[in-house]
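Report on one structure; see the data block that follows.
The values are calculated or read from the model by the stated rules, or taken from the named source; none is laboratory data. Everything numeric in this text was worked out from a predicted model, so none of it was measured. Don't worry about glycine lacking a Cβ; one is built from the backbone with ideal geometry, like all the others, and counts go over all protein chains shown.
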Amino acid sequence: MTDQVIRAGRKAQELLEDETFNMALTKIENEQLWIFKSSKPEESAKREMAWSMLRAIDSLKGELTKTIDNAKVAQRALERVNK
């Protein structure tokens, strides 16, 4: 189980450091911000969808960060056991 957590953390770290992945996320974020900012007052559904997309991106980044943090904790626990 600990090995799986550590592997998942490494993969999450690789994703967050991946240039192509980050470019894609940034592009989507910028598009959604533009949609949000440029929407007309009567286009509340459009703004809500853009806001939801932005929140989803933040949630994805947060989940990846949690996975990395969990891997660090698991790695330290494994090191303590192996001492």
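The table for this structure:
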item	result
Selected residue (criterion: farthest from Gly62 (Cα to Cα)) from residues of segment 1-39 that are small (Gly, Ala, Ser) and surrounded by 16 or more Cβ atoms within 10 Å (Cβ to Cβ)	Ser39
Residue pairs meeting the criteria (Cβ under 9 Å; at least 6 apart or on separate chains; first on the phi > 0 side of the Ramachandran plot and surrounded by 12 or more Cβ atoms within 10 Å (Cβ to Cβ), in segment 55-69; second modelled with pLDDT under 95 and aromatic (Phe, Trp, Tyr))	none
